[in-house]
Amino acid sequence: MAKTDFWDDTEAAQETVGRLKAVKSIITPLTELGSSGEDLSALIEMAEEDESIEGEIRSEIQSLEKQLDALELKALLNGPHDSCDAILTIYARDGGTDANDWAEMMLRMYTLWAQKQDYKIELLERSDNSEAGINSAAIAIRGPMAYGYLKAESGTHRLVRISPFNSEGKRQTSFAAVDVTPEVGDSIEIEIDEKDVVTETYKASGAGGQHVNKTDSAVRLKHIPSGAVVQCQSQRSQHKNRAQAWKMLRAKLAQIEDEKREAEEASKYQNKQRVGFGSQIRNYFLHPDQRVKDARTGYSMGDFSKVLDGEIQGFLDAYLNWLAKGT
């Protein structure tokens with residue numbers, strides 16, 4: 001990074017900076033833990049002469065245990081792409097307008113979580129529903145271990161509430177699906193034969209001005225062998241959207257390979273529930289009581305509002321522990 005030409009290739013430079021952040025996210029707390037251990041040893045020696053600092057020692061031990069627990073969780077992020085940035089896509093599923101609204105609520109939830117982690121967020125694609133909410137949206141979340149944490153969110157999320165779109169005030173169940181892929185850089189080889197990819201262009205929807213809506217600037221790619229489909233409309237330029245769509249396709253194929261690897265490992269444990277895009281993983285209840293419960297790990301929170309405000313780290317950590325116990 002100290003080389004004078006480091007920033008000549010901006011994309012490669014940013015990838016290197018991202019790798020550095022990922023390494024520091026492990027090395028820094030490990031170093032701090034070692035220093036804290038040395039401080040504790042010094043306190044214990046002092047306690048032999050001064051029993052009054054026993055309380056301080058107990059407090060220091062509790063602090064060390066928390067640091068160690070957090071570090072052990074990070075050690076579980078050892079998949080081939082766990083250190084990568086993440087591309088998170090949300091789709092409204094069954095439930096009509098409620099599902100569209102629910103999808104937008106989830107988009108906000110993940111955006112707030114990313115902000116709490118001091119991650120960067122980029123909107124890649126958004127399709128608004130004519131009545132309320134969104135049909136779909138894709139965002140890039142960039143930061144240390146973003147994919148490693150967020151891969152837990154792939155699957156179907158179920159919301160039960162009194163519908164604000166029903167004049168009779170009936171209870172409504174709606175669904176949104178989440179798909180999370182690693183944003184792989186050029187340094188990771190993902191072979192794609194261009195003959196296997198169908199490219200479509202179309203007019204972008206949503207915000208963006210007259211230019212976006214009058215020209216075929218949006219790009220959709222279909223990978224025939226795998227059935228993977230990605231699309232991008234965040235830029236005014238079709239060229240830029242095409243480049244981003246190819247990145248998203250590489251990410252999707254990397255995710256498919258990850259899922260194959262995890263499925264092979266999990267095949268030894270027949271009692272594990274199926275994970276991944278399409279399977280129901282979490283229930284969010286606003287009626288008759290307020291709670292959120294993960295169907296895989298059993299982890300739950302009683303404060304629905306906090307979860308929707310981005311307090312989902314507990315679910316992500318519980319998934320890592322659950323995955324480690326199974327494989």
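Looking only at the stretch 74-97, residues that are more than 21 Å from Q235 (Cβ to Cβ) and crowded, with 23+ Cβ neighbours inside 10 Å come to 2 in all. Identify all residues within the stretch 101-120 that are of a type in the set (A, V, I, L, M) and either without any contact (Cβ under 8 Å) to a residue 24 or more places away in the chain or more than 24 Å from R161 (Cβ to Cβ) (or both); write none if there are none. A114 - this is the single residue of the stretch 101-120 that is of a type in the set (A, V, I, L, M) and either without any contact (Cβ under 8 Å) to a residue 24 or more places away in the chain or more than 24 Å from R161 (Cβ to Cβ) (or both). Here P288 fulfils each of the conditions (1) out of contact with any Ser or Thr (no Cβ under 7 Å at 6 or more places or on another chain); (2) at pLDDT 90 or above apart from (2). Can T199 be described as outside any strand (DSSP E or B) and either of a type in the set (S, T, N, Q) or on the phi > 0 side of the Ramachandran plot (or both)? Considered against the rule, which asks whether it is outside any strand (DSSP E or B) and either of a type in the set (S, T, N, Q) or on the phi > 0 side of the Ramachandran plot (or both), T199 comes out as no.
The condition of being over 30 Å from L124 (Cα atoms), within 20 Å of the chain's Cα centre (by Cα) and not hydrophobic (A, V, I, L, M, F, W, C) holds for only one of E60, E72, that being E72. Do the conditions hold for M1, that is, is it in contact with a His (Cβ under 7 Å, 6 or more places away or on another chain) and not basic (K, R)? Criteria not met by M1. Selection over the stretch 121-144 of residues that are surrounded by fewer than 19 Cβ atoms within 10 Å (Cβ to Cβ), in contact (Cβ under 8 Å) with a residue 40 or more places away in the chain and among the acidic types (D, E) gives a count of 2.
The values are calculated or read from the model by the stated rules, or taken from the named source; none is laboratory data. All values derive from a computational prediction rather than experimental measurement. So basically every Cβ, Gly included, is an ideal-geometry build from the backbone, and we count neighbours across all protein chains shown.
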